[in-house]
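First the structure, in the form of structure tokens, and then the observations on it.
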Amino acid sequence: MQWGYILTKKRMTLKAEAIHVVEEIPAKIFAKRRKYFIEEMLPDSIAFILSNPECIRSNDTDFPYRQSSDVLYLSSFPEPQSVLILSNFDGKPEFKMVVRPKDRQREIWTGHRLGVEGAIEKFACQEAYTVDQFTQVVNNLLSKAKNVYYKFGQNEEFDELFEPAWKKYSSSLHNPETITHEMRMVKEKVELDLMRQAASISAEAHCVAMEVCKAGMMEYEVQAEIERVFMMRGASGPAYGSIVAGGENAICLHYSENSARLQNGDLLLIDAACEYRGYASDITRTFPVNGKFSEEQLEIYNLVLAANKAAIAFAKPGVSLKQVHERASGVLREGLIQLGVLGPEMDSVENEEKVLKHSGKNGNKSTPVILRDVFMHGTSHWLGLDVHDVGTIGTRSTHAKTMPMVPNMAFTVEPGLYFDPDDKRLPKKYRGIGVRIEDDVVTTAKGCEVLTSGAPKEPEEIEELMAIAR
């Protein structure tokens, strides 16, 4: 059962809805992915897909372990100290694994291990080896490989064992991510089902945050309510560090302290979402701590909301992330000119550059305000197994910015406006206001689907939800 908010003009009710919840991806899908990966490799190749290393939190305790996304994508194998080995020698596809050995004493302390037998039985590999056999396995395989797919820098333990053998045989080196990341860009139906569930849980958490929020609470108290919903609804936890930023804290894009007291009359920006079965969601909502937007807050909020909605309406196959960003930026630019934040001469990037060329470096007290002063990040990033999914770093590159989207690509739409309280060039009534509205979106055949629509973003809906809770 899934709890969802049903909004009407007169009232808001909470009702239970039965929805299909995906528990896990079928084994045949992983087999199909591995088959495709092997077919994409050069002839007589061997590929090593590495697990993430465990990370020490303090002394002899580790952070909760999270498997590398490429290992999850190709197998769902959850344990550290593991390697997927894919090969196509003489045109024959093979799948092998390296895993931790069974160890009763270690398992008493840190949990069950699948071992070699479990890897073969549950993950359909033809052969499996223990970690202490990795060097021998690598030498045997590299001796007959013309091409090797391996990414250095991901797991130092395996790098130290792999590098001497690779140098010995001097095989041509390739990055396996050139294949896996291309595969991961377009989502399969089962992936989208998992992402819908992640988004639904996260949307519910944002509704709960709006219900409980009141002046005098600590930011971390609201964070606790949000993350409680994540865990209660079966998510593994937050997909990233939750941002709960009251008042001027919202000006810091990746604010993480979450330790301030919420003040009456301030806005609260929450950027928080869960990970479900490995797949991330990513939602930002901004709302008034006391449940009622002020006139100044509403002017900025409605402008950001208009940019969010315009960008979503514009997103479809054939459109690029760069174009989505330009659409959102255009709405913000026009609105800021109308509000008197930007001068009328700042109606385009080209005109901004001309003005700055004559006025000196941007940011000086005498320099005119430009859009980048109050909207300094991109509108979108890719979404999937990683919250900043494959291709995201490339959104600052020409290819990923201008690449036309196809159906079943998932990304965020998150315009925002941030008014530095110390920037005297900005209108005084807006200083200290930070607003971001972020949704998760998937391209469809003709347009797009918003996965995060369960989290209210219309100001009257937010105010009504908060009023009912009070």
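Here Glu79 fulfils each of the conditions (1) touching an Asp or Glu at 6+ places or on another chain (Cβ under 8 Å); (2) closer than 18 Å to Ser51 by Cβ; (3) assigned to a loop (DSSP other than H, G, I, E, B) apart from (1).
So that you can scan it fast, the table gives a plain yes or no per residue for (1) modelled with pLDDT under 95; (2) surrounded by 17 or more Cβ atoms within 10 Å (Cβ to Cβ); (3) in the same structural domain as Ala198 (by TED's automatic domain parsing):
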{"position": "Asp386", "(1), (2), (3)": "no, yes, yes"}
{"position": "Thr392", "(1), (2), (3)": "yes, yes, yes"}
{"position": "His399", "(1), (2), (3)": "yes, no, yes"}
{"position": "Asp422", "(1), (2), (3)": "no, no, yes"}
{"position": "Glu438", "(1), (2), (3)": "no, yes, yes"}
{"position": "Glu449", "(1), (2), (3)": "no, no, yes"}
{"position": "Ser453", "(1), (2), (3)": "no, no, yes"}
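Within the stretch 202-221, the only residue that satisfies the criterion of being in a helix (DSSP H, G or I), of a type in the set (Gly, Ala, Ser) and more than 19 Å from the chain's Cα centre (by Cα) is Ala209. Of all the listed residues (Thr412, Thr379), the sole one being under 18 Å from the mean Cα position of the chain (by Cα), in a loop (DSSP other than H, G, I, E, B) and touching a residue at least 40 places away in the same chain (Cβ under 8 Å) is Thr379.
If you check Ala165, Ala199 for being touching a helix residue (DSSP H, G or I) at 6+ places or on another chain (Cβ under 6 Å), in contact (Cβ under 8 Å) with a residue 12 or more places away in the chain and either assigned to a helix (DSSP H, G or I) or not assigned by TED's automatic domain parsing to the domain that holds Asp389 (or both), only one passes: Ala165.
Within the stretch 171-229, the set of residues being surrounded by fewer than 21 Cβ atoms within 10 Å (Cβ to Cβ), more than 16 Å from Tyr73 (Cβ to Cβ) and acidic (Asp, Glu) comprises Glu211, Glu221, Glu225, Glu227. Scanning the stretch 176-200 for residues that are over 17 Å from Val442 (Cα atoms) and in contact with a strand residue (DSSP E or B) (Cβ under 7 Å, 6 or more places away or on another chain) yields a single hit, Pro176.
Among Gly241, Gly234, which is on the phi > 0 side of the Ramachandran plot and assigned to a loop (DSSP other than H, G, I, E, B)? None of the other options fit; the residue is Gly234. Select from the stretch 277-333 the residues that are surrounded by 20 or more Cβ atoms within 10 Å (Cβ to Cβ), under 24 Å from Lys214 (Cβ atoms) and among the basic types (Lys, Arg) and list them in ascending order. The one that is surrounded by 20 or more Cβ atoms within 10 Å (Cβ to Cβ), under 24 Å from Lys214 (Cβ atoms) and among the basic types (Lys, Arg): Arg285. For the stretch 25-39, the tally of residues that are part of a helix (DSSP H, G or I) and surrounded by 17 or more Cβ atoms within 10 Å (Cβ to Cβ) stands at 5. I'd like to know if the stretch 222-235 contains one or more residues that are modelled with pLDDT of 95 or more, of a type in the set (Phe, Trp, Tyr) and either under 16 Å from the mean Cα position of the chain (by Cα) or outside the structural domain of Asp271 (by TED's automatic domain parsing) (or both). Yes.
The values are calculated or read from the model by the stated rules, or taken from the named source; none is laboratory data. Bear in mind that the values here come from a model prediction, so they are computed numbers and not experimental data. Because the Cβ atoms are built from the backbone with ideal geometry, glycine has one as well, and the counts that use them run over all protein chains shown.
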